[in-house]
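The values are calculated or read from the model by the stated rules, or taken from the named source; none is laboratory data. On a predicted model such as this, the values are computed, not experimentally measured, just so you know. Neighbour counts run over all protein chains shown; Cβ positions are idealised from the backbone, glycine included. Note: accessible area is taken over every heavy atom of the protein model, side chains too, but ligands, DNA and RNA are not part of it. Shrake-Rupley method; radii C 1.70, N 1.55, O 1.52, S 1.80 Å.
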Amino acid sequence: KIIRNIKSETTDPFWYQISSKNKDSKWYDRLADRVHIDTKKSTIKNYLHFKKGEEYNAQKLYESERILRDMQFVNRVNISIVDSASTKDSIDVVVKVLDSWSLKPRLRFSGSNIGAGVREENLLGLGHEVSFLYSNDFKDKQNQVTASYMANNIFGSFINAGISGENDY
């Protein structure tokens with residue numbers, strides 16, 4: 001059978017969708033949903049080993065599911081097929097992704113050194129990582145700033161590229 005369509009659905013980490021207008025939702029659920037940016041369909045598509053129009057191969061679906069599950073910005077993934085009643089020679093593939101909370105605080109304590117920062121593991125829903133850390137050594141009165149950016153799976157090639165910088169006084 002041929003893969004006719006690939007549909008991807010992303011759910012935010014707290015299972016709350018603004019479009020559902022859930023009246024029982026708490027203010028912090030709505031705030032978290034507004035802060036979190038869902039993974040883009042193109043990002044999910046870059047991790048799939050199958051394409052629209054290809055012949056169905058169960059192993060490619062299982063491998064794509066495994067790879068997506070290993071991503072830091074994905075909590076759960078389920079790839080399923082839907083047989084079409086109208087056509088016997090094609091199927092539809094549904095990729096369901098439950099996002100993981102990707103904005104993480106960073107704290108560092110070591111002797112007289114204290115640091116705080118933030119790490120985003122799914123920048124703008126692209127699966128890229130950005131990190132920032134400011135630390136202060138109050139004994140020696142020195143500051144340090146560290147920042148990094150990592151672009152994962154560039155253009156679906158499974159090649160990662162990153163840059164980092166540090167300003168240490």
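A few points about this structure:
- A Cα-only calculation for region 52-95 places Rg and Dmax at 12.2, 38 Å.
- Largest to smallest principal axis extent of the C-alpha atoms in the chain, angstrom: 73, 43, 20
- With both residues required to sit in the chain, DSSP beta bridges show an antiparallel share near 85%.
- Selected from 157, 42, 91, residue furthest toward positive end of dipole (the chain; charges at beta carbon): 91
- Most fluctuating residue given options 82, 95, 118, as computed from a GNM of the chain linking Cα atoms under 10 Å: 82
- Residue-normalised accessible area of region 86-169, expressed per residue, 1.4 Å probe, Å²: 61 Å²
- Projecting the Cα atoms of 114, 2, 167 onto the charge dipole of the chain (Cβ charges, centred on the Cα centre) puts 2 farthest toward the positive pole.
- Evaluated with a Cβ-only charge set (Lys, Arg +1; Asp, Glu -1), the chain carries a dipole of roughly 380 debye about its Cα centre, given to the nearest 20.
- Taking all Cα pairs closer than 8 Å and separated by 6 or more residues, the relative contact order of the chain comes to 20 percent.
- Restraint check, 52/104; 60/96; 41/88, Cα-Cα greater than 24 Å: 52/104; 41/88
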